1. Taking 7 Å along the Cα-to-C-beta vector as the label spot, tell me the residue 119-residue 81 distance in nanometres, rounded to one decimal.
2. Do you know the relative contact order of the chain, to the nearest whole percent, from alpha carbon pairs under 8 angstrom that are 6+ apart?
3. Order by neighbour count: 313, 160, 330, fewest other Cβ atoms within 10 Å first, most last.
4. What full-extension length gain, to one decimal in nm, is calculated for residue 3 and residue 131 as 0.36 nm per residue of separation minus the Cα-Cα distance?
5. On a 0 to 90° scale, report how tilted helix 257-278 is relative to the longest principal axis of the chain, with both axes built from alpha carbons and the result rounded to the nearest 10.
6. Set the Förster radius R0 to 25 Å, insert the Cβ-Cβ distance between residue 64 and residue 153 as r into 1/(1 + (r/R0)^6), and round the FRET efficiency to 0.05.
7. Please compute the Kirkwood hydrodynamic radius of the stretch 1-162 from all pairs of different C-alpha atoms, in Å with one decimal.
8. Full-extension gain between residue 189 and residue 174, please, as 0.36 nm times their residue separation minus the C-alpha to C-alpha distance.
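Computed from the coordinates by the stated procedures, all read-outs in this text should not be read as laboratory data. What you are looking at is a predicted structure, and each value in this text was computed from that prediction instead of being measured. FYI the Cβ positions are ideal-geometry reconstructions off the backbone, even for glycines, and counts take in every protein chain you see.
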């Protein structure tokens, strides 16, 4: 039997969940984000395919989305409902015969399978998820995680696509490096400075040159990404959080010291509530501040002693903020509490991002 990696990705997940609750909106441009008010400061969490035709994308300010599609329906984010739907999806995947499931986020997961017909398995998974949740998904099939993850984009929506060592470069070779999973605009720009613009050029690049430019670990990793290479081991070890955080975008910029302090203390209380649920104290405090109009700074400080005292965490965040010596109005504040490691430490880091609190 051949080992395959299937990447299951829910189609327009948040919006799809909302459409189940509001079937009258099916076929309309729907945007989910913030409190559902496009005049407020908030960003798009997701949008239906009808909304995406107007250029609306996740992370876009709601006000921009409104300008692009004045007739769009805007809905507020409802995290508990999405969490419940996500758990249904993941439980369905775990119950698939022979599956090893590695959750990437609430709307995607890797599924490791031994099968000679991965397409048949993918169709079966799609049918099971649809029956359990009334939600559609796309499935990418690969002989590595990178290829499976990349293949999903070619199958959306509701489709199945396979990428392997033999088909990787014919499909991906002429695409820009930005098309690779994990290669953002900054890395692609740095690669372009080396004369590397396409996936094929990256796959053929000199590893020593990449190591010199990006470091001994990142350079070779980028080359492997270009080749679509990497692990095919799906790890179902439960993920252990390293930190919890909360942030707030203010509808009106904060200009008074008292306002800022009150906001940080409220954020510290929220963070400590999450840390208490984990049963691990805060060892480092991370501060995020966005000054008007849109300049973001992050700072971090190790605490002398781990704590679950919100006052200590808030005071540390205030100290970090004051040391910036910047009196511009503030449009966003965030605190992230990095916890002491669990007994036995963390498992080796996985090769993907994971949804979590900011």
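1. Simple spin-label model gives 3.7 nm for this pair.
2. On the way: 679 pairs, mean separation 52.8, N = 358.
Contact order relative to length: 15 percent.
3. On the way: 313 25, 160 22, 330 19.
Going from least to most buried by this count: 330, 160, 313.
4. Values: separation 128, 0.36 × 128 = 46.08 nm, distance 2.61 nm.
Difference between extended and current length: 43.5 nm.
5. In the chain, helix 257-278 runs at an angle near 50 degrees to the longest axis.
6. Values: r = 24 Å, r/R0 = 0.94.
Working from the Cβ atoms, E equals 0.60.
7. Values: mean 1/r = 0.0615 Å⁻¹.
Taking the inverse mean of 1/r over all distinct Cα pairs, the stretch 1-162 comes out at 16.3 Å.
8. Numbers: separation 15, 0.36 × 15 = 5.40 nm, distance 1.65 nm.
Once the chain is fully extended between residue 189 and residue 174, it gains 3.8 nm.
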